[in-house]
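S.K.: What follows is a structure written as structure tokens; I'll ask about it next.
The values are calculated or read from the model by the stated rules, or taken from the named source; none is laboratory data. Since this is a predicted model, take the numbers as computed values, not measurements. All Cβ positions, even for glycine, are placed from backbone atoms using ideal geometry, and neighbour counts span all protein chains on display. For the accessible areas, the whole protein counts, side chains as well, though only heavy atoms, and no ligand, DNA or RNA atoms are used. Shrake-Rupley method; radii C 1.70, N 1.55, O 1.52, S 1.80 Å.
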Amino acid sequence: MFAIKSPQHYLNQAGLRTRVGEILSAHASHVAIITSPQAWKAVNPQLRESLEAENIRYQCHFLTTECTDVAIASHLAAVQQQEASLILGIGGGRALDCAKAVAAGLGDGVLVTMPTVAATCAAWSPVSIIYNERGGHVRSQPLSTMPLMVLVDSEIIAQNDVRYLKAGIVDALAKWYEFRPYKQKSDDSLALNLKVQAARLAVDIFEKYGTEAVRDNELHAVTPALIKVIDANIAVAGMANSMRDATPAPGVAHAIHNRLTHQPELHDWLHGEKVGFGLLVQSLMESETGQPDAQLLALLRQYDAPLTLAPLSGDRAAAMAAIAREVKFPASGAARLPFSLAAEKIERALMATEHGF
């Protein structure tokens, strides 16, 4: 079995928020918008005016918590009551994951996603990440309903803090470093080979345009370099996640990320920042010299990924031992990797970061 679960259309255009009404008018006259207060402010008044110009009725449902099962159920009930024919998710990963989960709950609703940051591939990726009310990872929920469209307004993303772009670059880089090791034991999976090729394309884009894109984002300027990096963060990384077969290739760095979300001291770290630290730990577990991959380390430094668990409080050694024990990874996936994921090995790698790199 091989499947590609992806949106039907992807559009990245500066000022796209002024055309959302025109684009949606062919698909719906009544829209339920799932967003956050901050994201809604970022796209307006232009998006609101574009909906009104096309006589599209809409109602906003604001996500003010984590993307939890309770939040999803609440928004699903509200959207069902509204009887909208299209769901428009606007915002970062939490709002988009909530919108995707609500659309899946409806079963027959049309879904459109509009990311306001390029910090993850959530607008494209065929899963919703579910958290508890404290921000701890609960599960990754596969989706049956994929977006009809992903609409990206690069002007909105350019106005955001460059920290989000850097975190998105690291999250996209992770696909290459996470998927590639599986090929050492098995090179006959079409899905895996396509995932690796897509992931490599993202790395190539960052090598060529990453430095320029970060500088342009700092200047809040939409440029060809920034557009290419936004596309890599959202579309290319999302595409790598979209190719599936009967043998999943779960990511080690993301598994470490998932456990780190349960550390309250790290709650302010972005998704890509936790993933970046997870990449460092993974590289140490792969290493025979006790040193991380030099190219990876340079990239993590370039994009300001954290290289230590500095915010941890109390007995740091005990905390790291607990983190190592509680990293969850399917045994079937671990058996296909060329390095051990034993708790003691994760713990040694975590402790090694205490010395700094």
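S.K.: Using the alpha-carbon centroid of each, what span in Å lies between region 27-93 and region 287-352?
M.R.: If we compute the Cα centre of each part, the gap is 38 Å.
S.K.: For the pair Thr211/Phe62, report the inter-label distance in nm, with labels modelled 7 Å from Cα in the Cβ direction.
M.R.: 4.3 nm
S.K.: Give me a comma-separated list of calculated 3J(HN,Hα) values for region 136-147, in order, Karplus coefficients 6.51, -1.76, 1.60 applied at θ = phi - 60°, integers in Hz, x for any Gly or Pro.
M.R.: x, 5, 9, 6, 9, 9, x, 10, 8, 9, 9, x
S.K.: Taking a 28 Å limit on the Cα-Cα distance, which of the listed pairs Lys175/Lys208; Lys208/Lys328; Lys183/Lys274; Lys100/Lys345 fall beyond it? List each step's numbers first, then the result.
M.R.: Details: Lys175/Lys208 18 Å; Lys208/Lys328 35 Å; Lys183/Lys274 25 Å; Lys100/Lys345 36 Å.
Where the Cα-Cα span goes over 28 Å, the pairs concerned are Lys208/Lys328; Lys100/Lys345.
S.K.: Here's another thing I want to ask about it. I'd like the carbon and sulfur percentage of the solvent accessible area for the chain, probe radius 1.4 Å, heavy atoms only, ligands and nucleic acids excluded. Let's see the in-between values first.
M.R.: Details: 7590 of 14800 Å².
That share works out to 51 percent.
S.K.: When the label point is put 7 Å from the Cα of Glu83 along its Cα-to-beta-carbon vector, which residues of region 27-67 have a backbone N closer than 14 Å?
M.R.: 29-31
S.K.: Please pull out the direction-averaged projected area of region 297-357, using the convex hull of its alpha-carbon atoms, in nm² to one decimal place.
M.R.: Details: hull surface 20.3 nm².
For region 297-357, the mean projected area of the Cα convex hull comes to 5.1 nm².
S.K.: Give me the orientation-averaged projected area of the Cα convex hull of region 86-213, in nm², one decimal. The partial results should precede the final answer.
M.R.: Working: hull surface 37.4 nm².
That works out to 9.3 nm².
S.K.: Under 10 Å, Cα contacts only: if you run a Gaussian network model on the chain, which one of Ala321, Ala235, Ala32 comes out with the highest mean-square fluctuation?
M.R.: Ala321
S.K.: Can you give the extra length, in nm with one decimal, that the chain gains between Gln302 and Asp268 once fully stretched, where that is 0.36 nm per residue apart less the Cα-Cα distance? Mind showing how you got there, number by number?
M.R.: Values: separation 34, 0.36 × 34 = 12.24 nm, distance 1.99 nm.
Working it through step by step, the gained length comes to 10.2 nm.
S.K.: Moving to a separate point now. Using only the alpha carbons, work out the radius of gyration and Dmax of region 170-279 in angstrom.
M.R.: Final numbers for Rg and Dmax: 15.1, 45 Å.
S.K.: Would you list which aspartates and glutamates come within 18 Å of Lys41, measuring only between C-alpha atoms, while excluding same-chain residues fewer than 8 positions from it?
M.R.: Those aspartates and glutamates meeting the cut-off are Glu49, Glu52, Asp153, Glu155, Asp161.
S.K.: In terms of Cα to Cα distance under 17 Å, which lysines are near enough to Lys185, apart from those fewer than 8 places away along the same chain?
M.R.: Lys195
S.K.: So for each of 279-292, 214-227, 115-128 I average, over its residues, the number of other beta carbons within 10 Å; can you give me the resulting order with the highest mean first?
M.R.: Numbers: 279-292: 19.1, 214-227: 17.6, 115-128: 27.1.
So the order, starting with the most tightly packed, is 115-128, 279-292, 214-227.
S.K.: When a/c reaches 1.5 or more, the comparison of a/b and b/c decides; with that in mind, is region 3-67 rounded, prolate or oblate per its Cα gyration tensor?
M.R.: Working: a/c = 1.41, a/b = 1.03, b/c = 1.37.
Taking the square roots of the gyration eigenvalues as a ≥ b ≥ c, region 3-67 is rounded.
S.K.: If you take every DSSP beta bridge whose two residues both sit in the chain, what share of them, in percent to the nearest 5, is antiparallel?
M.R.: Values: 8 of 31 bridges.
The answer is about 25 percent antiparallel.
S.K.: Give the whole-number value, in cubic angstrom per residue, of the convex hull volume spanned by the C-alpha atoms of the chain. Please report the intermediate quantities before stating the final value.
M.R.: Values: hull volume 44.2 nm³, N = 357.
Cα convex hull per residue, to the nearest whole number: 124 Å³.
S.K.: With a 1.4 Å probe and all protein chains left in place, how much accessible area per residue does the chain have, in Å²? Each step should come with its number before you reach the end.
M.R.: Values: 14800 Å² over 357 residues.
Result: 41 Å² per residue.
S.K.: What fraction of the Cα pairs in region 202-337, stated in percent, has a spacing above 25 angstrom?
M.R.: Working: 3339 of 9180 pairs.
Beyond 25 Å sits 36 percent of the P(r) for region 202-337.
S.K.: Taking the Cα centre of each part, how many Å lie between region 141-166 and region 255-281?
M.R.: Taking the Cα centre of each part, region 141-166 and region 255-281 sit 20 Å apart.
S.K.: Can you pull the accessible area of Tyr58 for me, 1.4 Å probe, Å² to the nearest 10?
M.R.: Tyr58 exposes around 70 Å² with every protein chain in place.
S.K.: Test of understanding: in a Gaussian network model of the chain with alpha carbons linked when under 10 Å, which of Arg180, Arg139, Arg94 would top the mean-square fluctuation ranking?
M.R.: The residue that fluctuates most here is Arg139.
S.K.: Out of every Cα-Cα pair in region 50-121, what percent are more than 15 Å apart? Intermediate values should be presented prior to the final figure.
M.R.: Values: 1340 of 2556 pairs.
Beyond 15 Å sits 52 percent of the P(r) for region 50-121.
S.K.: Along Cα→Cβ, 7 Å out, is where each label goes; now give me the distance between the ones at Lys185 and Ile4 in nm to one decimal.
M.R.: Result: 2.8 nm between the two label points.
S.K.: Classify region 208-262 as rounded, prolate or oblate from the Cα gyration tensor: take a ≥ b ≥ c as the square roots of its eigenvalues, call it rounded if a/c is under 1.5, otherwise prolate when a/b beats b/c and oblate if not. Intermediate results must be reported in sequence, preceding the final value.
M.R.: Working: a/c = 3.76, a/b = 1.78, b/c = 2.11.
Oblate is the answer for region 208-262, as a/c is 1.5 or above yet b/c matches or exceeds a/b.
S.K.: Quick check for you: which residues of region 330-347 have the amide N under 20 Å from the point 7 Å beyond the Cα of Glu288 toward its beta carbon?
M.R.: Flagged as within label range: 336-342, 345-346.
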